[in-house]
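Some notes on the structure that comes next.
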Amino acid sequence: MAATTCLNYGVPASLNLQQKQHSPRARNNCLIDITMMRKRGGTNKANKRVGRVRCSGRGIGDFIGGDLVKFDLGRWLSDVEEHKALAIYTPHEGGYEGRYLNRLTYQGYYFLDLTARGLGDPESTLTKIHPVCPAHLGKQPISRWYFPPEVDYRLAALPPDAKGLVVWVIEAKVLSKSELQFLALLPTLRPKVRVIAECGNW
């Protein structure tokens, strides 16, 4: 069984690496680690042969993504300040959101975490007094409660040294274009508000 840590997956074990260094096709190759497994007397013994092929212009960022090597936190802060409303696409394994959120916390921002599922109309929920009908479960009378605007209520409760309020919306991929457009306009209506919407994964 041959295991290769390279983009060429079917490299034969009898490859003459010294001759391949001078060929133009070997420029795109990387370190090749070929391990031959043999079964002798019921035990596995490995004979390891390691050969090196010169990599021209290849770095670790070509294999796992440059953003995983060094987080672009400085650019993140400048984008939040410049654009004020961002849509982000986070990886499935998570981790990015926490680092970006912590950096905004260090800058003096406070957060309103929302999920787009069950949010209703973002304009009425975030900026107007809105009704909420609790579940009656078939036994209680149907009632309607009124809640203050989520954004205005929290803006009024911010401490004086706060830089602003970040509305962080998860699962924003379920929102319509008009709802996303309102979230993009919210920093214009409320200048101390920043909006981060997680619109899916990459």
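The values are calculated or read from the model by the stated rules, or taken from the named source; none is laboratory data. Please read these numbers as outputs of a predicted model, since none were measured by experiment. Backbone-built Cβ (ideal geometry, glycine too); neighbour counts: all protein chains shown.
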* Flag for GLN181 being assigned to a helix (DSSP H, G or I) and surrounded by fewer than 16 Cβ atoms within 10 Å (Cβ to Cβ) -> yes
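Filtering region 114-159 down to residues that are among the basic types (Lys, Arg) and either farther than 27 Å from LYS177 by Cα or not assigned by TED's automatic domain parsing to the domain that holds SER178 (or both), which residue is modelled with the lowest pLDDT? Show your work before the answer.
In the first step, residues of region 114-159 are kept if they are among the basic types (Lys, Arg); the result is 117, 128, 139, 144, 154.
From the residues that got through so far, the ones that are either farther than 27 Å from LYS177 by Cα or not assigned by TED's automatic domain parsing to the domain that holds SER178 (or both) too are 139, 144.
Values: LYS139: 78, ARG144: 88.
For region 114-159, the residue satisfying everything is LYS139.
Only helices (runs of 4 or more DSSP H) wholly contained in region 77-171 count here; list those with 1 or more residues that are buried (at least 16 other Cβ atoms within 10 Å of the Cβ) and in contact (Cβ under 8 Å) with a residue 60 or more places away in the chain. Step through it out loud before you land on a result.
Working: elements: 96-106, 122-127, 150-156.
Those helices (runs of 4 or more DSSP H) span 96-106, 122-127.
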* How many residues are loosely packed, with under 14 Cβ neighbours inside 10 Å, in a helix (DSSP H, G or I) and touching a helix residue (DSSP H, G or I) at 6+ places or on another chain (Cβ under 8 Å) when one looks only at region 184-202? -> 1
